[in-house]
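Worksheet for the structure shown next.
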Amino acid sequence: MHGSRFKVLGSRFKVLGSRFKVLGSRFKVQGSRFKVLGSRFKVLCFWSCLSLLLVPCALVLLLYIAPAFAEEPVRQDLPVRIGGDYNYPPYEYLDSDGLPTGYNVELTQAIARVMGMEINIQLGSWGSMRQALDKGDVDILMGMAHTKERLDEVDFSIPHAKVHQSIWIRNDNRTIRSVKDLEGKEVIVMKGSVMHDYMIENGIVADLFMVQSLADALNLLASGHHDCALVAKLPGEYLLSSLHLSNIHPIARPLVAQNYGFAVKKGNLELLAPFNEGLALLKKTGDYRRIREKWLGVLQPEPISWHNIIRYGALVIGPLLLVLIAFALWSRTLRRQVALRTKELEREIAERMKSAEELQIRQKQLLHADKMTSLGVLVAGVAHEINNPNGLIQLSLPQLSKTYQSIEPILDKYYEEQGNFKLGWFPYSRMRREIPKMLEEMLESSNRIKRIVEDLKDFARRNDSGLDDAVDLNDVVSSALRLVDNTLRNATHNFSIDYAADLPLFRGNGHRIEQVVVNLILNACQALTSVEQSIQLRTYALADEKMVVLEVTDEGCGLDEETLSRITDPFFTTKRESGGTGLGLSVSDGIVKDHHGRLEFSSQPEEGMVVTLLLPIKEEEHD
């Protein structure tokens, strides 16, 4: 073909040469006046002919050389050849019928639909797919982890997922907990994988054993060979279930988290563009989120973008900054006013200080009451949100228990005929004993949640009734204990309660006394220095004084006489460093005095404390 082109060009040059000869003869006729001009024109003709010869030759040369240096354009008339790993669930793998499936496959098919592309998906071993991309046998890979080192070989798309790489060990391994522990160990990696590159690029001195797939790596580790395997967490969990492996697990902390997306051969950005555009369109239509939740679900939540972090941060921090600035200005103005007023009132400073102290006490008490009111509103809302799902649990658990009782004979018969089999994570021989216990414990826990929510509602509920109710002190103590149960468990391993039988009722407000009891128990917990020290509660009646009594005894650090004499003073506290305000016992003492009762304290340093709450018995009314 090129020979014929040269012949045509040669004939054209001959025609041009003859034409130039005619022109030369014409110039000669013009006479001697044009001889000089004629000679110059001959030189010009010479260079023109030379240019006409060189330009076509250069064009022909470019026709031969350009294809060797130019990138092969995207062939829109041919299907895009897409490669992937045949055993990398849930991202890309072959199903039971040998067809490509997974998150990457469905996402790629969706992009092809919205962009009007024809595609051909090919799955094979990861090493062969990387070689195919390098040789041009495939145009793009559906999923490749982003690393700086790979940027020399490929160009990446916008990430469509994030892959968490993990170290997998056998259950009896206690020596490997981080990447530092891999030094000198036998490590299984998939050939050509990102973790293979990671080990080499980071210079980790370990014996690497190459396999062709992640399944081979997990099977080899589970069979007792080598020390660990480097496998992505999510694909590893899928393979663990399908391969029925139970003696290996990933360490709790992921080794590295990497962006994951499409990859093309370096420089082939023309092919990468429609995939980025299609991915953006799927995110706008919601198809991307649907596909992601279908395959990855809650195991790999979508990362929060920096845009949203800055946006929500501004919404929260902005008002707070305005409040802080206003508070700072208000504080500065207040300090100036106080300074001026102090100079004017030097002669009355003692009386003013006393008045200010009383006012501060009232303010703290009002603040406490306001907090209790807010707590009541909050608890009511939380209780409603908790009670709804908890009620569903309480309705469903008996039905589940009844259902299991119905299918248990069928499972037992299958067990007798076929032998032991796995039910969930454990053998049926174990689960047949565990399931009834689990259902029973879940129902008990649900009932406990219900009781705790009710107690919280009662504790935080604003009670404007008077002090003439007939109240059972045992019930008040029992309700208070449920509220502080977790604090008690953390503070001591030796707790006891002795309820008096047939305890008379006292006259007062049960909710307010419950606050006093909670405060006394919390103070006893805070006084302990060891979980082996004990807390004891006891209720009884003093018939002579017509009082019912709650006695709280702890084996904590105790107090000296001077501190004990000031224990109910407002703002006096021994726990200022830990946030104490000195109002707890002061408010409690006021509540008890409103009930015409009293608080008594007995203590010695390092010998614990005994707090006695006495409340008047409600006398029976006679007509």
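The GluC sites (Glu not before Pro) of the stretch 107-191 that meet both conditions, a loop assignment by DSSP and at most 14 other Cβ atoms within 10 Å of the site Cβ, are GLU118, GLU153, GLU183.
Stretch SER331-VAL382 to full length: gain in nm at 0.36 nm per residue minus the Cα-Cα span?
Details: separation 51, 0.36 × 51 = 18.36 nm, distance 3.51 nm.
Result: 14.8 nm gained on full extension.
Heavy-atom accessible area for LYS185, with the other protein chains in place and a 1.4 Å probe, reaches approximately 50 Å². Over what distance in Å are the Cα centres of the stretch 147-184 and the stretch 326-344 separated? With the stretch 147-184 and the stretch 326-344 each reduced to a Cα centre, they are spaced 60 Å. Relative to the current alpha-carbon distance between PHE601 and GLU532, full extension at 0.36 nm per residue lengthens the span by 22.6 nm. Taking all protein chains together and a 1.4 Å probe, the residues PHE421, PHE506 rank PHE421, PHE506 from largest to smallest accessible area.
Label sites at ASN308 and LEU542, each approximated as a point 7 angstrom past Cα along Cα to Cβ, lie 6.3 nm apart. Take the stretch 81-236 with all the other protein chains still there, run a 1.4 Å probe, and you get 42 Å² of accessible area per residue. With all protein chains in place and ligands, DNA and RNA left out, the 1.4 Å accessible area ranks VAL549, VAL205 as VAL205, VAL549, largest first.
Quote to one decimal, in nm, the extra length available between ASP137 and ALA356 on full extension: 0.36 nm per residue of separation minus the C-alpha distance between them.
Values: separation 219, 0.36 × 219 = 78.84 nm, distance 8.65 nm.
Residue separation times 0.36 nm, minus the Cα-Cα distance, leaves 70.2 nm.
In percent, how large is the relative contact order of the stretch 120-222, given Cα pairs closer than 8 Å and 6 or more residues apart?
Details: 75 pairs, mean separation 29.0, N = 103.
Taking the mean separation of contacting Cα pairs over the length of the stretch 120-222, I get 28 percent.
What is the local net charge at ILE410, summed over the other residues whose Cβ is closer than 13 Å to its Cβ (Lys, Arg +1; Asp, Glu -1)? Its environment carries a net charge of -2. Solvent exposure of the stretch 500-571 amounts to 46 Å² per residue of accessible area, where only protein heavy atoms count and the probe is 1.4 Å.
When only the heavy atoms of the protein chains count and the probe is 1.4 Å, how do TYR103, TYR198 rank by accessible area, highest first? Walk me through the numbers before you get to the answer.
Values: TYR103 0, TYR198 50 Å².
So, going from the largest accessible area down, we get TYR198, TYR103.
In terms of distances greater than 19 angstrom between alpha carbons, the cross-link table entries LYS148/LYS266; LYS546/LYS618; LYS593/LYS618; LYS162/LYS294; LYS148/LYS185; LYS191/LYS233 yield LYS148/LYS185. Among residues other than ALA206 with Cβ under 9 Å from its Cβ, the summed charge is -3 (Lys and Arg +1, Asp and Glu -1).
The values are calculated or read from the model by the stated rules, or taken from the named source; none is laboratory data. As the structure is a prediction and not an experimental result, all values here were calculated from the model. A quick note on method: Cβ atoms are made from the backbone with ideal geometry, for glycine too, and the neighbour counts reach across all protein chains shown. Remember, those area values only see protein heavy atoms, side chains included, never the ligands or the DNA or RNA. Shrake-Rupley method; radii C 1.70, N 1.55, O 1.52, S 1.80 Å.
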